[in-house]
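Just so it is clear, none of the values below were taken in a lab; they were calculated from the coordinates. As the structure is a prediction and not an experimental result, all values here were calculated from the model. No Cβ is skipped: glycine too gets one built from the backbone with ideal geometry, and neighbour counts run over all protein chains shown.
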Amino acid sequence: MSLFLKDTLLYLAQNQQIRDFVIQNRLTRNVSRRFVAGEVLTDALQVTRILNKRGIQVALDLLGENVASENEAHAATHDYIAAIDLIKDTGIDANVSVKLTALGLDISRELCEQNLIQILQEAQKQQIFVCIDMEGSAYTERTVQIALKMHAQFPLVGTVIQSYLYRSKDDITELIEQGVRVRLVKGAYKEPASLAYQHKLDVDRAYIELMHMLLARGNFPAIATHDEPILTDARTFVRNYGIAPSKFEFQMLYGIRRDLQEQFVQQKYSIRVYVPYGSQWYPYLMRRMAERPANLVFVVSNSLR
């Protein structure tokens, strides 16, 4: 995909008028179900049960970010806790992914941390892992520091690192030293050349370097990619260094490369699918379009039917 088209899609992800039109359009709402489980938690439960039957674990992700009021932040906290309780009550094989801006990070760090502690207290009672999702680079430093702070009290918390940021090697070094679990992704936000690699070759090269670090020394890292050459490299690396499949997991996104998901199950690797749900699905969908041309083709072709 050209850099211009990618930048355009990432810009549209933040455009409120287009967001309102797409969310209210019946066709686009229906097409979004390829990549989003649904708008309520019970939709995500149904998808999770289907994936579990196929031997695939799940990371539940409530869509929503950058809340503007304390009430919205408290509501998101309640919704995350509801997801944790659902995992316990139903016995589904899943953990939870949270966004700090949904918990009020834009309002105050104190509010965000208070809400996050409520979530982690409930997750610790149920022995359910919580991954703190990574957002744009304006939040990277605070996200890493909050993850490190919380991990000192709640061992079952980790975070996400994006390979396209120049700072990521230093972040991963620190997270490895502190035993914090890391989900490694390439990165899906528009970032300036002063902070991030702009070309796929550089992003991929950085990803492989960070992946090797995590596989060799990390605490049960999640290798989150659909890039087949990188996945081949990962399998070669763990085979050459005698790293057992029980020491890490592969992660993929709901609705993307289902063939690879099945292949990894058959090969006895641990595979987890990131299952987003919620009414605020538009920015997530647009970032998926910007990442991979095949996703854009799917959405356009189905919208025209």
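Quick look at the numbers
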{"quantity": "Highest average packing first - 194-201, 268-275, 50-57, Cβ atoms within 10 Å", "calculated": "268-275, 50-57, 194-201"}
{"quantity": "Which listed pairs, of 125/149; 99/186; 99/169; 200/247; 53/88; 53/186, have C-alpha distances above 24 Å, in listed order", "calculated": "200/247; 53/186"}
{"quantity": "Net charge over other residues, Cβ less than 14 angstrom from the Cβ of residue 247 (K, R count +1; D, E count -1)", "calculated": "+4"}
{"quantity": "Two-decimal ratio, segment 40-121, of alpha-carbon radius of gyration to 2.2 N^0.38 Å", "calculated": "1.15"}
{"quantity": "In segment 150-191, chymotrypsin sites (Phe, Trp or Tyr not before Pro) in a DSSP loop with at most 15 other beta-carbon atoms within 10 Å", "calculated": "166"}
{"quantity": "Distant alpha-carbon pairs in segment 37-280 (separation over 27 angstrom), percent", "calculated": "32"}
{"quantity": "Length released on extending from residue 195 to residue 125, taking residue separation times 0.36 nm less the Cα-Cα span", "calculated": "21.3 nm"}
{"quantity": "Sorted largest first, extent of segment 111-223 alpha carbons per principal axis (Å)", "calculated": "43, 32, 18"}
{"quantity": "Straight-distance crosslink candidates among aspartates and glutamates, where the alpha carbon sits under 18 Å from residue 268 and sequence neighbours closer than 8 are dropped", "calculated": "93, 228, 233, 249, 259"}
{"quantity": "Positive minus negative residues near residue 76 (Lys, Arg vs Asp, Glu; Cβ under 10 Å)", "calculated": "-2"}
